[in-house]
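Peer 1: My structure is below; once you've seen it, I'll send some questions.
No lab work stands behind these numbers, since they all come straight from the coordinates. As the structure is a prediction and not an experimental result, all values here were calculated from the model. Please note: Cβ atoms are built from the backbone with ideal geometry, for glycine as well, and neighbour counts cover all protein chains shown.
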Amino acid sequence: MDPLTKLAEIFSHFPGIGPRQAKRFVYYILNRQNSDVKEFTKLIEEVKKLSLECSKCHRLYLLSSKLLAPSSSYCPICSDPSRDLSLLMIVARDSDFETIEKSGAYRGLYFVLGGSVPVLDKEPGKRIRLEKLLNYVTKSTDLETNRVDGSRGPFKEIILSLNTTPDGEHTAEIVRDALSRVTDASVTKISILGRGLSTGAELEYADGETIRNALRNRG
């Protein structure tokens with residue numbers, strides 16, 4: 001396989017990118033100045049070098065280029081004492097986290113599943129971080145999470161913020177069922193986003209007002 005075809009194949013693996021669009025990316029790069037290409041590759045290397053995965057919520061975040069090492073294994077959100085530690089929101093991908101965080105409608109904690117489970121998939125544990133989520137929720141219960149209001153105890157609410165596509169709703173059912181086995185229904189409420197989100201919608205593309213309505217109408 002020649003380099004041009006190989007590069008196009010790599011681009012075609014990007015989310016939402018097909019073979020034709022991948023080829024356009026390749027020819028776009030070929031028509032750029034060498035200085036632009038060098039800056040592009042340098043930025044990719046820098047982002048990769050500075051990116052870390054939070055050991056708590058598992059989202060990717062960038063370490064400041066001024067720091068040689070992180071001050072903790074937690075991201076800025078998980079390390080922020082002003083967050084409401086009694087709330088946990090579960091999202092599929094980092095892009096979903098960014099969309100919700102930019103809306104300004106939520107001030108709790110997050111957990112990134114790492115994807116969704118296709119309807120016909122028989123091994124959900126290989127698709128999402130289900131065991132890590134259950135360990136996180138169980139640990140917060142056993143160790144008595146310090147909440148922002150100074151009280152202690154398990155999460156008061158766990159919000160399933162997943163796409164309203166067939167795969168997203170299938171994933172929500174799997175996660176809800178698993179969480180119900182490790183939480184006390186009288187203490188922890190498990191909710192889903194309200195139908196401010198239309199059926200088939202993906203969180204990544206939702207606007208801030210839609211996210212706020214979905215959070216207000218969750219049930």
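Peer 1: Working only within region 91-126, note down all residues that are closer than 20 Å to ARG218 by Cα and charged (D, E, K, R).
Peer 2: The answer is ARG93, ASP96, GLU98, GLU101, LYS102, ARG107.
Peer 1: Which of the residues spanning region 1-32 are of a type in the set (Lys, Arg) and assigned to a helix (DSSP H, G or I)?
Peer 2: The answer is LYS6, ARG20, LYS23, ARG24.
Peer 1: To continue, here is another question. Given the condition out of contact with any His (no Cβ under 6 Å at 6 or more places or on another chain), under 28 Å from SER64 (Cα atoms) and surrounded by 11 or more Cβ atoms within 10 Å (Cβ to Cβ), answer yes or no: does some residue in region 15-22 qualify?
Peer 2: For region 15-22, residues out of contact with any His (no Cβ under 6 Å at 6 or more places or on another chain), under 28 Å from SER64 (Cα atoms) and surrounded by 11 or more Cβ atoms within 10 Å (Cβ to Cβ): absent.
Peer 1: Restricting attention to region 166-182, report how many residues are under 16 Å from the mean Cα position of the chain (by Cα) and touching a residue at least 24 places away in the same chain (Cβ under 8 Å).
Peer 2: Residues that pass the stated criteria total 4.
Peer 1: Can you work out which of the residues in region 33-65 that are assigned to a loop (DSSP other than H, G, I, E, B) and among the charged types (D, E, K, R) is surrounded by the fewest Cβ atoms within 10 Å (Cβ to Cβ)?
Peer 2: Here the residue is LYS56.
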